[in-house]
Amino acid sequence: MPSEFGTYRESRCKTGLPQGRGRSQIAGFMILPGSTLGVLGGGQLGRMFAQAAQSLGYRVHVFEPAADCPASAVANRTFTADYRNEEELVAFARSCAAVTYEFENVPVEPLWKIESLTRLLPHSSVLEICQNRLREKMWLKKQGFPHVPFAEVEVNGDLAAAARRVGLPCVVKTADFGYDGKGQRKVSDDASLAAAASAFAGTRAVVERYVDFKCELSVIIARTEAGEARAFPVAENIHTKHILDFTIVPARVPAAVAKEAEALALAIAERLQVVGLLAVELFLSDRGELMVNELAPRPHNSGHWSLDGARTSQFEQHVRAICGLPLGDVGVRDPSVMVNILGDAWKPTVSAPGVTPNWSAILRAPRAKLHLYGKGEARVGRKMGHFTVMAESADAALDQARDLKSQL
């Protein structure tokens with residue numbers, strides 16, 4: 001079968017976003033339970049999406065290059081192939097009433113093929129913007145949304161000059177495919193600037209001003225093709241070594257800040273014409289200013305608390321949004337804190353070589369819930385699961401969450 005990956009052509013709609021072949025313009029469609037939904041990527045997000053979809057009566061097919069992925073354990077069918085394997089990709093797309101994705105690092109050309117055969121939601125044009133830091137920053141700037149000041153560095157460009165324009169300290173990031181702090185480093189002096197220039201040689205990069213922020217926030221938006229949109233409560237995020245450690249809901253910020261963050265995220269989702277979920281990560285500066293850091297058009301790590309602490313989880317809401325169902329209630333059942341469990345928890349010590357984490361500490365806690373992702377190898381920094389603690393207040397939940405984490 002001849003490849004059609006290069007046949008895509010762009011046209012412009014009112015939002016300034018490219019439209020691929022097969023992109024639906026019909027508002028108010030509905031994909032009913034009993035249909036098959038597809039997900040590109042077989043990690044933990046795909047796994048939890050599949051579980052939510054199946055609880056609503058859908059079948060789920062997963063497309064994932066790696067064998068024995070977490071989502072394959074719960075999927076109705078798994079296609080194990082490279083994303084550029086056209087024969088398998090066509091078979092996958094034709095088996096699904098709609099396809100979504102669980103992470104951004106999917107080559108965009110196969111998405112155009114899928115979009116010519118079935119619904120792809122969010123649309124490929126959204127992912128094309130969000131999977132590249134530079135395109136994302138340029139889009140935010142063009143649309144007038146608040147963002148961290150930045151400078152572009154072309155391949156083999158003058159990174160030092162860009163850093164001087166932005167000002168030190170700054171953060172240098174690869175333009176493509178970065179997450180959990182990968183592909184970035186902080187620059188604070190001439191020595192670290194020279195090291196960054198060497199490390200990023202031959203790479204297109206973005207240099208961002210380093211922001212002294214009060215806290216990091218995120219807002220997850222669900223939006224249907226008919227234009228119905230709802231925002232989950234604003235989450236407060238604490239990172240350790242660039243990886244999300246704790247998510248606190250509701251965020252411990254003034255009500256006016258939470259309202260502004262929600263309005264900003266809703267406006268971005270509307271401007272992008274997202275169908276599905278959009279996570280908007282934000283900095284709250286010391287001066288009380290909100291700045292957009294990153295966008296993710298999918299379920300998000302900072303939304304995992306919703307599995308236990310919200311009336312509708314982010315995964316069920318994603319299913320509802322892409323299927324055109326009424327969106328669920330996004331209210332908080334109880335103040336909640338989500339804690340990531342990394343492979344570090346399995347790290348052996350002299351006194352306990354190869355020890356398994358102390359799951360009983362969490363399982364004994366009456367208002368804690370444990371979620372493990374079924375991954376085989378525990379590596380340092382790898383997300384193996386999470387747990388959520390609910391309490392009468394966010395501070396009380398955080399105190400208990402920290403205590404339980406220490407017991408792992």
Take the residues of segment 44-78 that are in contact with a Pro (Cβ under 6 Å, 6 or more places away or on another chain) and either without any contact (Cβ under 8 Å) to a residue 12 or more places away in the chain or not charged (D, E, K, R) (or both): which is surrounded by the most Cβ atoms within 10 Å (Cβ to Cβ)? Leu45
In segment 268-298, what residues are polar (S, T, N, Q), at pLDDT below 95 and outside any strand (DSSP E or B)? none
State yes or no: is Cys215 touching a strand residue (DSSP E or B) at 6+ places or on another chain (Cβ under 9 Å) and buried (at least 20 other Cβ atoms within 10 Å of the Cβ)? no
Suppose we filter segment 371-398 for residues that are among the hydrophobic types (A, V, I, L, M, F, W, C), surrounded by fewer than 17 Cβ atoms within 10 Å (Cβ to Cβ) and not in a loop (DSSP other than H, G, I, E, B); how many remain? 2
Report every pair of residues separated by at least 6 positions or lying on different chains whose Cβ atoms are under 8 Å apart, first residue within segment 245-261 and in contact (Cβ under 8 Å) with a residue 40 or more places away in the chain and assigned by TED's automatic domain parsing to the domain that holds Gly288, second part of a helix (DSSP H, G or I) and surrounded by fewer than 17 Cβ atoms within 10 Å (Cβ to Cβ). Phe246/Arg402; Arg252/Asp395
Name the one entry in Val339, Val319, Val332 that is under 25 Å from Gln131 (Cα atoms), β-branched (Val, Ile, Thr) and out of contact with any Ser or Thr (no Cβ under 7 Å at 6 or more places or on another chain). Val319
Criterion (more than 30 Å from Val153 (Cα to Cα) and either out of contact with any Lys or Arg (no Cβ under 9 Å at 6 or more places or on another chain) or not assigned by TED's automatic domain parsing to the domain that holds Gly42 (or both)) met by exactly one of Ala98, Ala91: Ala91
Which condition number in (1) at pLDDT 90 or above; (2) among the charged types (D, E, K, R); (3) over 23 Å from the mean Cα position of the chain (by Cα) is the one that Arg164 fails? (1)
Using the structure shown, decide if Ala52 is aliphatic (A, V, I, L, M), within 29 Å of Leu372 (Cα to Cα) and assigned to a loop (DSSP other than H, G, I, E, B). no
Requiring at least 2 residues that are of a type in the set (D, E, K, R) and over 30 Å from Ser285 (Cα atoms), the helices (runs of 4 or more DSSP H) wholly within segment 66-175 are 86-94, 108-117
Being charged (D, E, K, R), over 24 Å from Lys375 (Cβ atoms) and surrounded by 18 or more Cβ atoms within 10 Å (Cβ to Cβ) is true for just one of Arg94, Arg119. Which residue is that? Arg119
Yes or no: Val207 part of a strand (DSSP E or B) and either exposed (fewer than 14 other Cβ atoms within 10 Å of the Cβ) or of a type outside the set (Lys, Arg) (or both)? yes
Per the list (1) modelled with pLDDT of 95 or more; (2) crowded, with 19+ Cβ neighbours inside 10 Å; (3) assigned by TED's automatic domain parsing to the domain that holds Tyr58, residue check on Leu111 breaks on (1)
Residues of segment 231-267 satisfying the condition of being assigned to a loop (DSSP other than H, G, I, E, B), under 17 Å from the mean Cα position of the chain (by Cα) and modelled with pLDDT of 95 or more: Phe232, Pro233, Val234
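The values are calculated or read from the model by the stated rules, or taken from the named source; none is laboratory data. Remember, it's a predicted structure, so these values are computed and weren't measured experimentally. Because the Cβ atoms are built from the backbone with ideal geometry, glycine has one as well, and the counts that use them run over all protein chains shown.
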